[in-house]
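Here the structure is laid out as structure tokens; the discussion comes afterwards.
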Amino acid sequence: MTRHIDLSALTWRMGPAPRQPFTARPADDRRAVRAWHPARVPGAVRADLAAAGLAPRPETPEDIAAGDWADAVDWWYEAQLLAGRRSDEQVVLEADGIDDRCAVWLDDRLLAVHAGMFARQALPLSPWIDAAGPHTLAIRIWGTGALPRLPNPPWRRLVRGALRLTGVGTEYFPDRMATPHAPFSFGWDFAPRIFGSGVWDDIRLVVCRGAYIADLRATPEPLTADDPAPVRWRVRLAWRQFTGTPVAVELEVAQGDVTHKVRCDVTTEDVSPAELTFETPPLRRWWPWDQGEPHLCRVTVRLLGAAGPLDEASLTTGVCTVRREALADGTPWRFVINGRPVFLRGANWTPADILPGTVTPADYARLLVMARDAGVNFLRVWGGGVRERAAFWETCDRLGLMAWQEFPLACAFLDHHPRTAAYLAALADEARGAIRSLRHHPSLIAWCGGNEINPRRERLPLAALAEALAQEDGRRPWIPASPSDGDVHQWNVWHGFAPWTELSEQAPPFMSEFGLQALPDAATVAEMFPAGAPQSLFAAAWRARKAQPDKLRHYAGPEMTASLANAIRLTQRVQAAALQAGIEACRIRREGGDPTERPCGGVAFWQFNEPWRAVSWSVVDRAGRPKAAYAAVTRSYRPLLIAAQFPRREYRAGDIFEAELWLVNDLPPSKPGFPAEDGALTAEAWLDDRRVWAADTARPGTGAYRLGAMRAALAARPEALTLRLLHRGAVVAENRYDLQVPLPGPQPLANRLLRWLADRLLAA
């Protein structure tokens with residue numbers, strides 16, 4: 001039987017070595033390491049240094065700066081492999097991600113030199129590993145000061161100045177474009193500049209017999225529209241042969257308590273890679289959590305020789321089809337899952353820590369459960385971050401959360417990524433590695449070229465990515481860039497100082513970014529500033545934590561400056577109202593129900609989480625504490641939503657309050673938990689403790705429906721509008737609108753002109 005040995009359980013150590021050039025034949029300078037220290041794998045150099053007391057934990061800007069010396073030297077990681085191998089066994093080392101330039105040794109033998117953060121390395125250790133052992137596995141990692149740099153000609157300095165003038169270039173670091181690496185590591189407007197060098201992803205030994213399955217692609221194709229449905233499996237199998245000759249391939253598919261096995265003979269013409277087709281009896285489909293159950297199946301492929309198994313490989317996947325179609329306006333933003341159009345209620349996902357290798361499966365589970373519990377059914381894995389790890393995708397699979405993965409191209413603005421043959425080849429290699437790692441996950445519904453890049457200026461990198469996808473996946477939608485093709489990043493609000501109320505007037509076919517900064521919870525603020533937080537957000541310490549105080553004051557109002565407690569309360573309050581406005585403006589235009597001239601296929605706010613305790617756009621801070629916007633999003637993202645559209649202004653006694661009321665249903669008729677067919681539904685509107693409107697309504701199908709209009713005279717200034725949908729007296733949907741949230745003044749003319757200029761420059 002094939003065995004997988006997790007190397008994270010080994011006793012690892014790490015130590016610094018002098019910088020040496022990154023070449024195809026680097027020197028083994030382990031003797032230059034003067035002191036070795038305990039290490040964790042997966043992990044990061046900075047985390048290991050902090051654990052050893054050699055550098056501060058990277059919590060504060062000052063602590064991060066104090067550890068920057070780690071980038072100027074190189075690092076060795078070492079562990080003892082105590083077990084050897086039997087004479088009939090083969091051993092392969094699989095490393096899913098090492099950041100970034102590295103060389104791997106077994107004892108004193110150089111096995112490989114690699115540049116790139118995201119592609120798996122598979123390195124045969126036989127015949128240099130013997131039965132006796134022990135053997136030393138050593139990995140040399142170049143400090144990130146060795147990463148390539150782009151030249152800084154006058155035109156790049158001009159670009160930086162132009163972007164700062166328009167207010168979008170405060171985090172413009174051209175070096176992040178020089179290599180396919182996690183862009184946010186170079187610094188962003190919500191994260192500091194810090195690199196996660198180290199063995200950041202899983203690493204293991206594969207012990208097999210006569211062959212090693214190097215690549216397995218198992219694509220399920222339902223043969224009918226039914227659920228369950230019989231499935232045709234298209235299997236692409238690549239292997240390295242050591243001894244014996246393959247005579248057959250066996251496919252085993254297990255779902256629940258049922259297992260199906262199918263065998264296909266291999267002829268002498270079937271050489272690696274081989275493409276084979278199998279059919280299995282009906283299997284249950286994988287569905288997003290709000291559409292059904294996320295049924296999974298375990299697929300095992302065995303390569304058989306005349307004397308028995310040569311190797312086997314397994315993966316967990318799901319029977320799920322996905323395509324992207326045109327909405328009624330012609331834009332391609334209708335996502336169809338298993339033949340059913342599904343509206344995407346989304347959020348942007350950033351790396352869960354500034355050192356991505358330190359994120360644990362429990363960390364992923366906690367955040368992703370919070371996302372699902374907030375009504376989110378879709379996550380956009382942002383292109384400024386990382387190719388997310390297996391634990392992230394496995395959790396999405398189990399929870400029924402859809403996601404798309406972006407490649408590491410982000411925010412080139414007026415610049416562009418390199419067009420050299422070397423860069424394009426490196427990008428394609430990294431892309432192929434990422435695709436092979438993720439393509440079996442049913443939760444992955446699309447690939448995207450990157451974040452806020454110009455498809456025309458980036459045509460060569462995008463062509464390289466599209467070609468890699470055609471070779472390695474080819475069955476999922478390809479989105480060249482976000483935004484593109486009608487997708488909108490709405491930053492006139494916030495960066496352009498436009499009133500947040502503009503979000504309630506948005507009508508794009510898809511809106512994948514918008515949001516407002518808000519301070520984190522008071523307990524998180526206390527952790528950020530152990531000696532006491534500055535009371536003014538204009539203090540340098542707050543700016544170092546990424547606060548943008550002019551914008552915070554503009555949106556939260558002058559009362560924000562009265563105290564830090566006021567700043568926390570008011571910035572969170574206005575963030576909650578703004579996200580509610582943007583989300584519901586999109587949801588009431590979903591297809592189905594009442595006709596709309598401007599249909600919408602989905603929405604994703606910026607941002608769900610954050611990698612560092614900061615002042616950011618997140619609704620859950622780095623400590624895991626939700627902001628007020630989390631509760632607002634939870635109301636606005638309920639699959640069954642009752643919503644109101646009304647003028648956002650300051651209301652006083654004697655005014656007339658008018659609103660248009662909507663019922664939005666994202667659930668299919670078959671989804672359990674929806675009110676039974678019998679019994680009427682009643683919709684109610686309350687201004688504070690006074691019911692001002694009520695109407696009976698029929699059970700809605702999937703879609704958005706106008707319930708009617710309400711009009712009420714105000715006897716006093718109201719605090720809140722509350723909407724309820726009742727079934728036999730029980731509340732099945734509820735929503736609330738803060739009517740005393742701060743309202744900013746009109747957008748300053750200068751900011752309007754600068755945003756107009758920025759939008760046109762970035763689209764040029």
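Do we find a residue being of a type in the set (S, T, N, Q), surrounded by fewer than 18 Cβ atoms within 10 Å (Cβ to Cβ) and touching a residue at least 40 places away in the same chain (Cβ under 8 Å) anywhere in segment 674-688?
Checked segment 674-688: at least one residue is of a type in the set (S, T, N, Q), surrounded by fewer than 18 Cβ atoms within 10 Å (Cβ to Cβ) and touching a residue at least 40 places away in the same chain (Cβ under 8 Å).
Is it the case that segment 213-226 has a residue that's among the aliphatic types (A, V, I, L, M) and over 27 Å from Arg3 (Cα atoms)?
Yes - at least one qualifying residue is present in segment 213-226.
Could you list, in sequence order, all residues of segment 124-169 that are modelled with pLDDT of 80 or more and farther than 30 Å from Asp108 by Cα?
Passing the criteria: Arg149, Leu150.
Mind checking which pairs have a first residue in segment 1-15 that is at pLDDT 95 or above and a second that is in a loop (DSSP other than H, G, I, E, B) and crowded, with 18+ Cβ neighbours inside 10 Å, Cβ under 8 Å, 6 or more apart or different chains?
These pairs meet every condition: Asp6/Asp202; Leu7/Val41; Ser8/Val41; Ser8/Pro42; Ser8/Asp202; Leu10/Val41; Trp12/Val41; Gly15/Val33.
Within segment 415-434, can one find any residue that is touching a strand residue (DSSP E or B) at 6+ places or on another chain (Cβ under 6 Å), modelled with pLDDT of 95 or more and either in the same structural domain as Arg298 (by TED's automatic domain parsing) or closer than 21 Å to Val386 by Cα (or both)?
No - not one qualifying residue is present in segment 415-434.
Within segment 394-406, is even one residue charged (D, E, K, R), over 23 Å from Ile203 (Cα atoms), in contact (Cβ under 8 Å) with a residue 40 or more places away in the chain and surrounded by 20 or more Cβ atoms within 10 Å (Cβ to Cβ)?
Looking through segment 394-406, at least one residue is charged (D, E, K, R), over 23 Å from Ile203 (Cα atoms), in contact (Cβ under 8 Å) with a residue 40 or more places away in the chain and surrounded by 20 or more Cβ atoms within 10 Å (Cβ to Cβ).
Being in a strand (DSSP E or B) and either touching a Cys at 6+ places or on another chain (Cβ under 8 Å) or modelled with pLDDT under 95 (or both) is the filter here; which residues of segment 314-331 pass it?
Residues satisfying the conditions are Thr316, Thr317, Val319.
Answer yes or no as to whether Ser272 is of a type outside the set (Val, Ile, Thr) and in a helix (DSSP H, G or I).
So Ser272 does not fit the description; no.
Testing Ala421 on (1) within 27 Å of Thr321 (Cα to Cα); (2) hydrophobic (A, V, I, L, M, F, W, C); (3) out of contact with any helix residue (DSSP H, G or I) (no Cβ under 9 Å at 6 or more places or on another chain), one condition comes back false. Which one is that?
Against the list (1) within 27 Å of Thr321 (Cα to Cα); (2) hydrophobic (A, V, I, L, M, F, W, C); (3) out of contact with any helix residue (DSSP H, G or I) (no Cβ under 9 Å at 6 or more places or on another chain), Ala421 comes up short only on (1).
Being part of a loop (DSSP other than H, G, I, E, B) and charged (D, E, K, R) is true for just one of Lys551, Lys546. Which residue is that?
When all the criteria are applied, what remains is Lys546.
Can you tell me which of (1) buried (at least 18 other Cβ atoms within 10 Å of the Cβ); (2) among the aliphatic types (A, V, I, L, M); (3) modelled with pLDDT of 95 or more is the one Ala211 doesn't meet?
Of (1) buried (at least 18 other Cβ atoms within 10 Å of the Cβ); (2) among the aliphatic types (A, V, I, L, M); (3) modelled with pLDDT of 95 or more, only one is false for Ala211: (3).
Can you name the number of the only condition in (1) farther than 25 Å from Phe392 by Cα; (2) surrounded by fewer than 20 Cβ atoms within 10 Å (Cβ to Cβ) that Ile642 fails?
(2)
Can you find, within segment 259-308, the residue that is modelled with the lowest pLDDT among those that are farther than 30 Å from Gly346 by Cβ, surrounded by 15 or more Cβ atoms within 10 Å (Cβ to Cβ) and of a type in the set (D, E, K, R)?
Asp270
Does any residue of segment 378-392 turn out to be assigned to a helix (DSSP H, G or I) and in contact with a strand residue (DSSP E or B) (Cβ under 7 Å, 6 or more places away or on another chain)?
No: segment 378-392 contains no residue that is assigned to a helix (DSSP H, G or I) and in contact with a strand residue (DSSP E or B) (Cβ under 7 Å, 6 or more places away or on another chain).
Could you grab me the full set of residues in segment 18-67 that are under 24 Å from Ala541 (Cα atoms), in a helix (DSSP H, G or I) and either in contact (Cβ under 8 Å) with a residue 40 or more places away in the chain or more than 34 Å from the chain's Cα centre (by Cα) (or both)?
Arg46, Ala47, Pro61, Ile64
Assess whether Ala631 counts as being small (Gly, Ala, Ser), modelled with pLDDT of 95 or more and either crowded, with 22+ Cβ neighbours inside 10 Å or part of a loop (DSSP other than H, G, I, E, B) (or both).
In short, no.
Please specify each residue of segment 554-566 satisfying the condition of being part of a helix (DSSP H, G or I), polar (S, T, N, Q) and surrounded by fewer than 18 Cβ atoms within 10 Å (Cβ to Cβ).
Within segment 554-566, Asn566 is the sole residue that qualifies.
Can you confirm whether Glu591 is surrounded by fewer than 20 Cβ atoms within 10 Å (Cβ to Cβ) and either within 24 Å of Ala544 (Cβ to Cβ) or out of contact with any Pro (no Cβ under 6 Å at 6 or more places or on another chain) (or both)?
no
Considering only segment 619-634, state which residues are touching a Phe, Trp or Tyr at 6+ places or on another chain (Cβ under 8 Å) and among the β-branched types (Val, Ile, Thr).
Val619, Val620, Val633
Which residue is farthest from Gly557 (Cα to Cα), if the candidates are limited to segment 503-535 and must be in contact with a Gly (Cβ under 9 Å, 6 or more places away or on another chain) and of a type in the set (Gly, Ala, Ser)?
Ser512
For segment 721-752, name all the residues that are under 29 Å from Arg590 (Cβ atoms), out of contact with any helix residue (DSSP H, G or I) (no Cβ under 8 Å at 6 or more places or on another chain) and either exposed (fewer than 14 other Cβ atoms within 10 Å of the Cβ) or among the basic types (Lys, Arg) (or both).
Arg724, Arg728, Gly729, Ala730, Val731, listed by residue number.
Just for segment 347-377: of the residues that are in a helix (DSSP H, G or I) and β-branched (Val, Ile, Thr), which one is surrounded by the fewest Cβ atoms within 10 Å (Cβ to Cβ)?
Going through the qualifying residues, I end up with Val369.
The values are calculated or read from the model by the stated rules, or taken from the named source; none is laboratory data. Not measured: the values here are computed from a predicted model. With ideal geometry, Cβ positions are generated from the backbone for all residues, glycine too; neighbour counts draw on all protein chains shown.
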